[in-house]
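A quick write-up on the structure given underneath.
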Amino acid sequence: QVQLVESGGGLVQPGGSLRLSCTASGSIFSRYAMGWYRQAPGKQRELVAIITSNSFTNYADSVKGRFTISRDNAKNTVYLQMNSLKPEDTAVYYCNAKLLTTTYWGQGTQVTVTS
């Protein structure tokens, strides 16, 4: 069993930055593909960014060039650096861990971009 705890969400003005963190329990964090998803009110949950166990990354088109996903296996933590934030980035952001057929989710952290 893996527990994921997100932090770093909050209220920010358009153009601002936030860094989300997700820390995982367990000793095999490095084997997991880690991802960030988000869900805005009335919309489906969507993939934001993923990073594989060998640090290959992929991003949604809407965040390319603005968001950066990274991982620190020594700290069992994955990060999402979000720059040039837009109001449309407002959502609950969820951390995801996947290994083979097993998937875990965090509880989510709210990001609100508004002036």
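Consider only pairs whose beta carbons are under 6 Å apart and that are at least six residues apart or on different chains; among these, list those whose first residue lies in region 16-28 and is assigned to a strand (DSSP E or B) and whose second residue is of a type in the set (S, T, N, Q) and surrounded by 17 or more Cβ atoms within 10 Å (Cβ to Cβ). Correct list of pairs: Ser21/Thr77; Thr23/Asn76; Thr23/Thr77; Ala24/Asn76. None of Gly8, Gly15 is at positive phi, among the small types (Gly, Ala, Ser), open to solvent by less than 40 Å² (accessible area, probe 1.4 Å) and at pLDDT 95 or above except Gly8.
Among the residues of region 22-32, those identified as surrounded by 17 or more Cβ atoms within 10 Å (Cβ to Cβ) and of a type outside the set (Phe, Trp, Tyr) are Cys22, Thr23, Ala24. Would it be correct to say that Val78 is under 15 Å from the mean Cα position of the chain (by Cα) and open to solvent by less than 20 Å² (accessible area, probe 1.4 Å)? It is true that Val78 is under 15 Å from the mean Cα position of the chain (by Cα) and open to solvent by less than 20 Å² (accessible area, probe 1.4 Å). Pairs meeting the criteria (first residue in region 76-94 and touching a residue at least 12 places away in the same chain (Cβ under 8 Å), second residue assigned to a helix (DSSP H, G or I), beta carbons under 6 Å, at least 6 apart or on different chains) are Asn76/Phe29. If you filter region 47-64 down to residues that are assigned to a loop (DSSP other than H, G, I, E, B) and without any contact (Cβ under 8 Å) to a residue 12 or more places away in the chain, you find that the one that is farthest from the chain's Cα centre (by Cα) is Asn54. Val2 satisfies every condition listed in (1) exposed (fewer than 14 other Cβ atoms within 10 Å of the Cβ); (2) over 13 Å from the mean Cα position of the chain (by Cα); (3) touching a residue at least 60 places away in the same chain (Cβ under 8 Å) except (1). Acidic (Asp, Glu) and open to solvent by less than 60 Å² (accessible area, probe 1.4 Å) - does that describe any residue in region 39-46? The answer is no, given that none of the residues of region 39-46 is acidic (Asp, Glu) and open to solvent by less than 60 Å² (accessible area, probe 1.4 Å). Looking at Gln44, Gln39, Gln13, just one residue is without any contact (Cβ under 8 Å) to a residue 12 or more places away in the chain and polar (S, T, N, Q), and that residue is Gln44.
The values are calculated or read from the model by the stated rules, or taken from the named source; none is laboratory data. Here the structure is a predicted model, which means the values were calculated and not measured. Positions of Cβ are backbone-derived with ideal geometry, glycine not excepted, and every protein chain shown enters the neighbour counts. All accessible areas refer to the heavy atoms of the entire protein, side chains included, with ligands and DNA or RNA removed. Shrake-Rupley method; radii C 1.70, N 1.55, O 1.52, S 1.80 Å.
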